[in-house]
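Undergrad: Sharing a structure with you now.
The values are calculated or read from the model by the stated rules, or taken from the named source; none is laboratory data. On a predicted model such as this, the values are computed, not experimentally measured, just so you know. Heads up, the Cβs are rebuilt from the backbone with ideal geometry, glycines too, and the neighbour counts pull from every protein chain shown.
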Amino acid sequence: MQEDFLHYVWKHKAFSTGSLKTTRDESVSILKLGVHNHNSGPDFFNAQLSINGQLWAGNVEIHVKSSDWYVHGHEKDKAYDNVILHVVWEHNTEVFRSDNSVIPTLELKPLVNRNLINNYKVLLQSKSWINCEAHYPEVDEFVLNNWIERLYIERLERKSNDILKMLKDSQNDWEAVLFKMLLKNFGLKVNGESFLSLANSLDYSVVRKLQHNILDMEALLFGQAGLLEDDVQESYFLDLKRRYQFLAQKFKLSNQEVLPLQFFRLRPPNFPTIRISQFVNLYATEHQLFSKIMNTTTVEGLYEIFGKTVTDFWMTHYTFKTASKSSKKNISKSFVDLLIINTIIPLKFCYAKAKGENVEQSLFNVLKDINAEKNSIVEKFLQLRAMEKNALSSQALLQLKAFYCDKNNCLQCAIGNSLIIKN
């Protein structure tokens with residue numbers, strides 16, 4: 001038996017509540033179960049109980065055995081003096097407050113349905129890819145759909161913490177945050193951290209001054225990324241190098257903290273040179289980019305904003321040194337989808353939250369118009385049961401796997417709950 005399961009039983013009142021008695025034969029009526037405390041101190045705060053007709057308000061502590069009270073040293077901690085009920089699976093000793101008064105004890109073992117216990121054990125003892133793999137297809141569709149939406153909001157809230165840290169570091173400059181997030185995600189997985197270090201190497205005030213001059217912006221980013229240090233005798237390269245040398249001196253730039261960029265094993269369209277040029281074109285051609293993105297509510301509108309290409313040189317190159325067959329190298333819709341999922345939607349959510357606005361449904365609508373990411377985790381879930389193949393579902397399933405399935409948090413999962421309480 002695990003304490004987590006007993007917390008679940010108490011929190012959901014998953015036990016027989018008729019004619020409750022303490023181990024000293026005192027009648028118990030539960031008026032309020034209390035608020036689950038996940039930090040130090042008693043397990044449930046502000047419970048309200050009637051014990052032998054006397055109304056009590058205070059905290060509830062839960063253990064597998066009564067003697068765990070002493071194992072955990074609660075008798076030495078005054079924070080536990082206001083515990084009004086000790087809930088245990090098995091009662092094996094009396095426990096006392098520091099004033100030597102007995103704390104009433106409720107034993108759960110005879111009150112919990114055996115099916116509930118068996119379902120819990122079967123779920124947690126599974127050796128499958130996910131604990132509920134065998135029963136996942138049986139989960140009620142209404143339960144699953146509601147949980148999917150809740151999981152996605154959780155994912156957005158987690159990403160909001162990173163955004164708020166960026167916002168604080170940028171002195172509440174939302175445009176600077178957008179710049180950093182976009183540049184990071186233009187680098188995808190391979191160069192994401194390098195592109196973020198590139199963004200962090202610049203004060204956004206410099207970007208504001210240069211962003212509508214394409215050559216200066218390319219010189220700024222290519223130079224800070226260390227891509228203008230080669231000995232290349234080509235007019236475009238030499239022009240960028242001269243511009244960067246001037247900008248570095250003018251704005252006192254340093255690129256010592258910028259992480260090296262990776263080209264190895266990347267397809268040429270994903271080379272950092274191409275992504276930087278596309279990024280520069282976005283900033284050079286879109287005025288008031290942050291406001292425009294925040295005010296755009298459709299996928300089609302976002303595709304239009306991000307439908308950029310590269311500057312002329314990069315139409316015939318993938319690197320500074322070697323020419324290639326001419327191609328426009330437009331940002332693809334699949335790439336924009338990733339930007340929407342990883343940058344635009346989290347930023348919209350966080351910005352609306354800061355303004356006290358609720359935009360969840362409009363964000364859901366955008367995500368439902370985007371195809372699910374191609375991911376081995378998502379594909380495995382879809383093999384277990386059919387569901388909508390959109391970005392909302394795929395993002396929620398990634399959250400489910402990482403923060404519930406992999407951590408055996410079935411008791412905190414709506415899917416796990418539904419399987420535990422089934423008859």
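Undergrad: Out of 366, 310, which single residue is part of a loop (DSSP other than H, G, I, E, B) and crowded, with 17+ Cβ neighbours inside 10 Å?
TA: Answer to the selection: 310.
Undergrad: Regarding residue 225, is this residue more than 32 Å from the chain's Cα centre (by Cα), at pLDDT 95 or above, buried (at least 16 other Cβ atoms within 10 Å of the Cβ) and assigned by TED's automatic domain parsing to the domain that holds residue 311?
TA: no
Undergrad: Restricting attention to region 78-117, and to residues there that are buried (at least 19 other Cβ atoms within 10 Å of the Cβ) and among the hydroxyl-bearing types (Ser, Thr, Tyr), which single residue is nearest to residue 416 (Cα to Cα)?
TA: 105
Undergrad: Residue 185 is checked against (1) touching a residue at least 24 places away in the same chain (Cβ under 8 Å); (2) surrounded by fewer than 20 Cβ atoms within 10 Å (Cβ to Cβ); (3) out of contact with any strand residue (DSSP E or B) (no Cβ under 9 Å at 6 or more places or on another chain) and fails just one. What number does that condition carry?
TA: Residue 185 satisfies all of (1) touching a residue at least 24 places away in the same chain (Cβ under 8 Å); (2) surrounded by fewer than 20 Cβ atoms within 10 Å (Cβ to Cβ); (3) out of contact with any strand residue (DSSP E or B) (no Cβ under 9 Å at 6 or more places or on another chain) except (2).
Undergrad: Inside region 94-146, can you point out the residues that are touching a residue at least 40 places away in the same chain (Cβ under 8 Å) and assigned to a strand (DSSP E or B)?
TA: 102, 105, 106, 107
Undergrad: Quick one: is residue 378 farther than 29 Å from residue 138 by Cβ and part of a helix (DSSP H, G or I)? Spell out how you get there, then give the answer.
TA: Working: farther than 29 Å from residue 138 by Cβ: no; part of a helix (DSSP H, G or I): yes.
No; evaluated as a whole, the condition is false for this residue.
Undergrad: Another one. Only one of 328, 321, 355, 292 is modelled with pLDDT under 95, within 27 Å of the chain's Cα centre (by Cα) and surrounded by fewer than 19 Cβ atoms within 10 Å (Cβ to Cβ); which?
TA: Of 328, 321, 355, 292, the one residue that is modelled with pLDDT under 95, within 27 Å of the chain's Cα centre (by Cα) and surrounded by fewer than 19 Cβ atoms within 10 Å (Cβ to Cβ) is 355.
Undergrad: Which ones in region 32-54 are free of Cβ contacts under 8 Å to residues at least 24 places away in the same chain, over 31 Å from the mean Cα position of the chain (by Cα) and more than 21 Å from residue 110 (Cα to Cα)?
TA: 32, 48, 54
Undergrad: Of the numbered conditions (1) over 30 Å from residue 372 (Cβ atoms); (2) among the polar types (S, T, N, Q); (3) touching a residue at least 40 places away in the same chain (Cβ under 8 Å), residue 262 fails exactly one; give the number of that condition.
TA: (1)
Undergrad: Could we say that residue 336 is surrounded by 16 or more Cβ atoms within 10 Å (Cβ to Cβ) and either small (Gly, Ala, Ser) or part of a loop (DSSP other than H, G, I, E, B) (or both) here?
TA: no
Undergrad: Given the structure, is residue 52 under 24 Å from residue 113 (Cα atoms) and in contact with a Ser or Thr (Cβ under 8 Å, 6 or more places away or on another chain)?
TA: For residue 52, the condition - under 24 Å from residue 113 (Cα atoms) and in contact with a Ser or Thr (Cβ under 8 Å, 6 or more places away or on another chain) - is not met.
Undergrad: I'd like the full set of residues that are in contact with a strand residue (DSSP E or B) (Cβ under 9 Å, 6 or more places away or on another chain) and either of a type outside the set (D, E, K, R) or under 13 Å from residue 148 (Cα atoms) (or both), limited to region 356-402.
TA: 367, 368, 370, 371, 372, 389, 390, 391, 394
Undergrad: Another question, if that's okay. Inside region 70-98, can you point out the residues that are among the aromatic types (Phe, Trp, Tyr), under 36 Å from the mean Cα position of the chain (by Cα) and modelled with pLDDT under 95?
TA: Result: 80, single match.
Undergrad: Does any residue of region 153-173 turn out to be among the hydroxyl-bearing types (Ser, Thr, Tyr) and within 30 Å of residue 282 (Cβ to Cβ)?
TA: Just the residues of region 153-173 that are among the hydroxyl-bearing types (Ser, Thr, Tyr), to begin with: 160, 170.
Still in the running and within 30 Å of residue 282 (Cβ to Cβ): 160, 170.
Checked against the condition, which is being among the hydroxyl-bearing types (Ser, Thr, Tyr) and within 30 Å of residue 282 (Cβ to Cβ), region 153-173 yields at least one hit.
Undergrad: With the condition kept exactly as written, say whether any residue in region 14-28 is surrounded by fewer than 16 Cβ atoms within 10 Å (Cβ to Cβ), part of a strand (DSSP E or B), in contact with a strand residue (DSSP E or B) (Cβ under 8 Å, 6 or more places away or on another chain) and of a type in the set (Ser, Thr, Tyr).
TA: Yes - at least one qualifying residue is present in region 14-28.
Undergrad: Let me ask something else. How many residues are over 15 Å from residue 135 (Cα atoms) and out of contact with any helix residue (DSSP H, G or I) (no Cβ under 8 Å at 6 or more places or on another chain) when one looks only at region 370-423?
TA: So the answer is 6.
Residue-wise test of (1) in the same structural domain as residue 199 (by TED's automatic domain parsing); (2) within 19 Å of residue 176 (Cα to Cα); (3) modelled with pLDDT under 95.
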{"position": "230", "(1), (2), (3)": "yes, no, yes"}
{"position": "240", "(1), (2), (3)": "yes, no, no"}
{"position": "245", "(1), (2), (3)": "yes, no, no"}
{"position": "260", "(1), (2), (3)": "yes, no, no"}
{"position": "271", "(1), (2), (3)": "yes, no, no"}
{"position": "276", "(1), (2), (3)": "yes, yes, no"}
{"position": "284", "(1), (2), (3)": "yes, yes, yes"}
{"position": "287", "(1), (2), (3)": "yes, yes, yes"}
